[in-house]
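Participant: Dropping the structure in here first, questions after.
Rule-based calculations on the coordinates, nothing more; no lab input. From a predicted model like this one, the values you see are computed outputs, not experimental measurements. Reconstructed Cβ throughout: ideal geometry from the backbone, glycine too, with neighbour counts over all protein chains shown.
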Amino acid sequence: MAHQATQAEIDAVVDRVHEIGLKTEISKGEERTLVGVIGGNAYAYKEAFSHLGGIHEIIPITKPFKLASREFRPLDTVVDVGGIRIGGDEVVMMAGPCSVEGEEMLLDTARHVAAQGAKVLRGGAFKPRTSPYSFQGLGESGLKMMATARDETGLKVVTEVVSPGDVELVAKYADILQLGTRNMQNYALLQEAGRSGKPVLLKRGMSSTIEEWLLAAEYVLSQGNRDVILCERGIRTFETATRFTLDLNAIPLARELSHLPIIVDPSQATGKWSLVRPMALAAVAAGAHGLIVEVHPTPNQALSDGAQSLDFESFDRLMQDLRRLLGSLAKQLA
Ligand code: PEP
Ligand code: MN
């Protein structure tokens, strides 16, 4: 809409879109209001708006993802999780065990990472394990432990949901729903998460292109949920020395293509604890808005992903180095 368009003119455009049978998404920027017209081949209806006032220009969004695109929303989206802002100037640390294994280890870890400056506690209660014989997680009792840890430490809680039927249950306990790499193209799950009213942390599929990932985000956004956090967690390449290959390119590229915040998971990406700190720092230097890192009181006894989990001491060292890096980047830790 034009800079000086009135509310009545904006409303008239919105009404016209709805008459045609398409959907609208309003984006209010500092300069002007953008009316996104959503639906197959929406641009073909261009002429239907020619007689309406207050329109500055009608432009097609050329990318296949629309709501997720930078064209649609030029300003960065900041996802506010109970006062923790993800996508702004401050880098947010999310940390905790791969799986919730019990209350004591979870509380120990939560207290430790909170004291070091983490803002969000991670921990899986529903685990999407590659083998059906591996530990599958504690289910609802694990979610309850996460909620207890939140009450005790003030950390927000991010935890994975693996099936559409569990979204309601997990949303009862979580502040952020994690959708894992193995489920990035589980469209029923994406839509259910989009209707949950909770922010969604969307891991990149391990063999997905950036376009497929942003289209997965589009599934969540198209359900009316604006709070999507992208998470690069490593992709499959020919290299087998590391578990996956952290795609650092994805960070600045996703920021160019999309307004959504992006965080990085150097634990899944490397599979090796000694690589986590350097890759975490590299990710932040490349523009990541946050990190999600696996931390365990005794990594060699972990029920999942022990080899890539930091112990408390190495987590502290990461936090120290991160503060130093942010200082030199003229940034601050949240
Ligand atoms: C995890 O965070 O423990 C996890 C299983 O992540 P991903 O889906 O990225 O493998
Ligand atoms: Mn893990």
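Participant: I want to check the label-to-label distance for Arg111 and Glu47. Put each point 7 Å from Cα in the C-beta direction and report it in nm to one decimal.
Facilitator: Using points 7 Å along Cα→Cβ, the separation is 7.2 nm.
Participant: Determine, from the Cβ-Cβ distance of Val78 and Tyr133 and an R0 of 30 Å, the FRET efficiency 1/(1 + (r/R0)^6), rounded to the nearest 0.05. Before the final figure, lay out the partial values.
Facilitator: Values: r = 42 Å, r/R0 = 1.39.
Efficiency at R0 = 30 Å is approximately 0.10.
Participant: Once you list every other residue whose beta carbon is under 12 Å from the beta carbon of Gly224, what net charge do they have if Lys and Arg are +1 and Asp and Glu are -1?
Facilitator: Details: positive: Lys23, Arg195, Arg226; negative: Glu25, Asp227.
Cβ neighbours under 12 Å give a net charge of +1.
Participant: Can you give me the distance in nm between label points at Tyr187 and Asp89, each placed 7 Å from the Cα along the Cα-to-Cβ direction?
Facilitator: The two pseudo-label positions are separated by 4.2 nm.
Participant: On to the next question. Which residue fluctuates the most in the chain, going by a Gaussian network model with Cα springs under 10 Å, if the choices are Glu71, Glu152, Glu192?
Facilitator: With Cα springs under 10 Å in the chain, the top fluctuation among Glu71, Glu152, Glu192 is at Glu152.
Participant: Compute the relative contact order of the range 130-204 as a whole-number percentage, counting only Cα pairs closer than 8 Å that sit 6 or more residues apart in sequence.
Facilitator: On the way: 94 pairs, mean separation 19.8, N = 75.
Taking the mean separation of contacting Cα pairs over the length of the range 130-204, I get 26 percent.
Participant: Can I ask one more? Under a straight-distance cross-link criterion of Cα-Cα below 23 Å, which lysines are reachable from Lys172, leaving out those fewer than 8 residues away in the same chain?
Facilitator: List returned: Lys119, Lys127, Lys144, Lys156, Lys198, Lys203.
Participant: Thr298 label point, 7 Å along Cα→Cβ, cut-off 15 Å on backbone N: hits in the range 84-103?
Facilitator: Only 101-103 pass the distance filter.
Participant: Exposed loop sites here are chymotrypsin sites (Phe, Trp or Tyr not before Pro) in DSSP loop states with at most 13 other C-beta atoms within 10 Å. What is the longest stretch of the chain lacking them? Could you put the intermediate results ahead of the total?
Facilitator: Numbers: sites that count: Tyr133, Phe238.
The longest uninterrupted stretch comes out as 1-132.
Participant: So if I average 1/r over every pair of distinct C-alpha atoms in the chain and take the inverse, what Kirkwood radius in Å does that give?
Facilitator: On the way: mean 1/r = 0.0484 Å⁻¹.
By the Kirkwood definition, the hydrodynamic radius is 20.7 Å.
Participant: Next question, about the same structure. Given R₀ = 51 Å, FRET efficiency for Lys144-Leu253 by Cβ-Cβ distance, to 0.05?
Facilitator: Details: r = 39 Å, r/R0 = 0.77.
After rounding, the FRET efficiency stands at 0.85.
Participant: Compute the distance in nm between two label points, each set 7 Å from the Cα along the Cα-to-Cβ direction, one at Gln320 and one at Lys23.
Facilitator: 5.0
Participant: Measure nothing fancy, just the Cα-based angle from helix 312-328's long axis to the longest principal axis of the chain, in degrees from 0 to 90, nearest 10.
Facilitator: Here the helix axis deviates by roughly 40 degrees.
Participant: Percent relative contact order of the range 79-328, based on C-alpha pairs within less than 8 angstrom and at least six residues apart?
Facilitator: Details: 542 pairs, mean separation 46.5, N = 250.
Relative CO of the range 79-328 lands at 19 percent.
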